[in-house]
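The values are calculated or read from the model by the stated rules, or taken from the named source; none is laboratory data. Remember, it's a predicted structure, so these values are computed and weren't measured experimentally. Here Cβ is always computed from backbone atoms with ideal geometry, including for glycine, and neighbour counts include all displayed protein chains. Just the protein is used for accessible areas: all its heavy atoms, side chains included, with ligands, DNA and RNA removed. Shrake-Rupley method; radii C 1.70, N 1.55, O 1.52, S 1.80 Å.
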Amino acid sequence: MKKNRKLWYVVGAIVLAAIIAWLLFGGHKKKEEVSFETAKVEVANIHTSITATGTIEPVTSVTVGTQVSGIVSKLYVDYNSVVKKGQVIAELDKTNLMSELNTAKANLSSTQSALNYQLANFNRFKTLYDKGLVSADEFESARLNYQQAQQQVSQARENVRRAQTNLGYATITSPIDGVVLSKSVEEGQTVASSFNTPELFVIAKDLTDMRVIAKIDEADIGGVKEGQRVSFTVDAFPDDTFNGAVQQVRQEATTESNVVTYEVVISARNNDLKLKPGLTANVTIFTLEKNNVLTAPAKALRFTPNAALLKEGQEIKDCHADHKLWTKEGETFVAHAVEIGTTNGVTTEILSGIKEGTEVLTDFSISGQSEMLPSGEQSNNPFMPRPPSSNNRNSQQNRRPQ
């Protein structure tokens, strides 16, 4: 019983080995079919663009501050108020400033009286000196006192002007026609201008004329030039596309987290006032635009027929050129020397060498149908490795006319 069982195991193993050998070496031959992809040479538009983000801001905005310290006594405008140039928009408490002005005026009056006295004294000493009744030292001393009194009057007069100017600074006026974007103070608040000018308001000149400050990566900045067309969107109006143009490419670089960017200024008309200062814009800058030019797919210029895939009777007519496109005319693959222009990596401009509407080859693919073959025969696929024993024979079978 045990001997019969072992015999069956041996027979089963032999049958299994035979099936595996048949599958591996009996083989299937694929009847290969080579198909080619084509595309037409046609008139089209070539566009290249880069994307970035930016911030919308007014073209002209002015920060309004004060040069004197004091308490804000009156505010005449609020957020979004429309103002005219010279319009009073705030006032500071003027009590101390008026006191300083009155003190300066009183000092000027005092020095003026002293000047009048020194002038009369100088004239008296001059008369006595001319008659020889006083010494030269006394006369020179009187003249010096008179000159010093003149200087004191000039200084007092300047102090009055300064006090008047400071009093004028307490009345805050708008420097431009525009709209109040921000207000940083309230009535009763104290502002101090000891070290810097306190910010009271920010006024935008014209909200219909906006701009986008976009940050462009250093890898893309080389293609950005003034005058290029720009489109952008904002999250507030996702269905609207706004248009503008590159106005300025700033040379100053900014480095954040080891990323170098450059600021590009983009114009943005805002006639319907949808664009608000501070919105984030998703910007597309068209660095290359060529419309209505003859084009071909860029991959067609990289295509070359594979001689190993040619069928019986097919041939290749090549040419010597830096750039060429291939067509299939009957059983012949023909190369056409072409001159190319700009490209965006997908589509390339064709300047000469081929006509519009020509079908050019862009790629090929290999497909096959399984077919039972006698044991030992292998596929003709040029991309498949062959057993060493049949290498010479298959090399002879796979030769095609060139």
> Tally Lys/Arg at +1 and Asp/Glu at -1 over every other residue whose Cβ is under 14 Å from the Cβ of Lys94; what's the total?
Replying inline: -2
> Under a Cβ-Cβ cut-off of 14 Å, what is the net charge of the residues other than Thr261 that fall near it, where Lys and Arg count +1 and Asp and Glu count -1?
Replying inline: -4
> Share of the stretch 153-237's accessible area from carbon and sulfur, percent, 1.4 Å?
Replying inline: 45 percent
> What is the dipole size for the stretch 56-203, taken about its Cα centre, with +1 at each Lys and Arg Cβ and -1 at each Asp and Glu Cβ, in debye to the nearest 20?
Replying inline: 560 debye
> Taking all protein chains as present, what is the carbon and sulfur share of the accessible area of the stretch 252-379, in % to the nearest whole number, probe 1.4 Å?
Replying inline: 46 percent
>> Quick check: net charge around Thr347, other residues with Cβ under 15 Å of its Cβ, Lys/Arg +1 and Asp/Glu -1?
In response: 0
> How big is the accessible area of Tyr129 in square angstrom, nearest 10, if you roll a 1.4 angstrom probe over the protein chains?
Replying inline: 90 Å²
> If the convex hull of the alpha-carbon atoms of the stretch 166-231 is projected onto planes in all directions, what is the mean projected area in square nanometres?
Replying inline: 8.4 nm²
>> Given an 8 Å cut-off on Cα distances and at least 6 residues of separation, report the relative contact order of the stretch 102-202 as a percent.
In response: 29 percent
